[in-house]
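Peer 1: Take this structure first; my questions come after.
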Amino acid sequence: MARYTDAACRLCRREGEKLFLKGQRCYTGKCAIARRSVVPGMHPQGRKKVSEYGSQLREKQKTKRFYGLLEKQFHNTYEKATRLKGKSGENLLILLELRLDNIVYRLGFAASRAEARQLVTHGHFTVNGKKVDIPSYTVKANDEIAVREASRKSTKFQELVNRPVPAWMSFDADALRGTVLRLPAREDVDIEVNETLIVELYSK
């Protein structure tokens with residue numbers, strides 16, 4: 001499976017904001033944005049004037065990197081969003097939120113989405129009692145996500161990340177399971193992005 005293997009902090013610097021790709025490090029003074037917020041490269045200042053296409057590209061890149069997807073994965077998710085009822089941009093964000101790796105991250109089982117993706121791939125979670133090891137698996141309303149019985153004794157799950165659980169999910173820390181109460185709405189997505197620009201980019 002293809003994945004990004006270069007320095008994650010460069011992505012945050014390129015977008016000019018925290019994408020929370022390094023877990024707890026992003027909340028400390030070691031965060032790349034806090035230490036050096038300029039764009040990476042030989043000439044970090046670059047051009048200050050951004051074209052219409054440039055604005056659309058930046059919104060797409062920021063969203064793609066926030067959720068940890070590569071271009072083909074992101075584009076396939078967008079194509080799926082366009083086939084659903086409603087606004088394509090909002091559908092895209094909702095589909096990204098409903099990815100199993102994102103759900104695992106939101107529930108506090110992992111410090112970052114990259115770590116959540118690894119835990120899912122290693123088969124540590126079940127959905128409605130069945131093992132699922134596909135990070136892109138789309139979770140549905142009323143689905144129950146839990147740590148597998150064989151993985152519960154792992155030190156990884158002895159101390160969970162103290163992160164607020166979104167209103168559209170519930171979490172039982174003692175039972176190591178969470179439930180998707182409803183599908184998320186646009187206002188439930190905390191990433192600051194103008195999804196309309198992404199739709200405009202892909203519509204060209």
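The values are calculated or read from the model by the stated rules, or taken from the named source; none is laboratory data. Since we're looking at a predicted model, the values are computed, not measured. Positions of Cβ are generated from backbone atoms using ideal geometry, with glycine treated the same way; all protein chains shown enter the neighbour counts.
Peer 1: Looking at Leu70, Leu107, which is the one that is among the hydrophobic types (A, V, I, L, M, F, W, C), in contact with a Lys or Arg (Cβ under 9 Å, 6 or more places away or on another chain) and modelled with pLDDT under 95?
Peer 2: Numbers: Leu107 fails: modelled with pLDDT under 95.
Going through Leu70, Leu107 in turn, the sole match is Leu70.
Peer 1: Could I ask something else about it? Which of the residues spanning the stretch 111-125 are assigned to a loop (DSSP other than H, G, I, E, B) and either free of Cβ contacts under 8 Å to residues at least 60 places away in the same chain or polar (S, T, N, Q) (or both)? Working first, answer last.
Peer 2: Taking the stretch 111-125 and keeping what is assigned to a loop (DSSP other than H, G, I, E, B), we get 111-112, 122-124.
Ser112, His122, Gly123, His124 - these are the residues of the stretch 111-125 that are assigned to a loop (DSSP other than H, G, I, E, B) and either free of Cβ contacts under 8 Å to residues at least 60 places away in the same chain or polar (S, T, N, Q) (or both).
Peer 1: Mind telling me which of the residues Leu84, Leu70, Leu95 ends up being over 30 Å from Glu149 (Cβ atoms) and in contact (Cβ under 8 Å) with a residue 12 or more places away in the chain? Steps first, answer last, please.
Peer 2: On the way: Leu84 fails: in contact (Cβ under 8 Å) with a residue 12 or more places away in the chain; Leu95 fails: over 30 Å from Glu149 (Cβ atoms).
Only one candidate passes the filter, namely Leu70.
Peer 1: Just to confirm my filter: which strands (runs of 3 or more DSSP E) fall fully inside the stretch 126-199 and include at least 2 residues that are surrounded by fewer than 16 Cβ atoms within 10 Å (Cβ to Cβ)? I'd like the intermediate steps shown before the answer.
Peer 2: On the way: elements: 144-147, 169-172, 177-180.
Fully inside the stretch 126-199 and qualifying: 169-172.
Peer 1: Out of all the residues in the stretch 76-89, which are under 19 Å from Arg117 (Cα atoms) and either surrounded by fewer than 18 Cβ atoms within 10 Å (Cβ to Cβ) or in contact with a Ser or Thr (Cβ under 6 Å, 6 or more places away or on another chain) (or both)?
Peer 2: Residues of the stretch 76-89 under 19 Å from Arg117 (Cα atoms): 76-77.
Asn76, the sole residue that qualifies.
Peer 1: Something else: What are the pairs with Cβ atoms under 8 angstrom where one residue, in the stretch 144-165, is under 16 Å from Val120 (Cα atoms) and the other, located anywhere, is of a type in the set (Lys, Arg)? Sequence gap at least six, or different chains.
Peer 2: Taking only residues 6 or more apart or on different chains, the pairs are Glu144/Arg177; Ile145/Arg177; Ala146/Arg177; Val147/Arg177; Arg148/Lys131.
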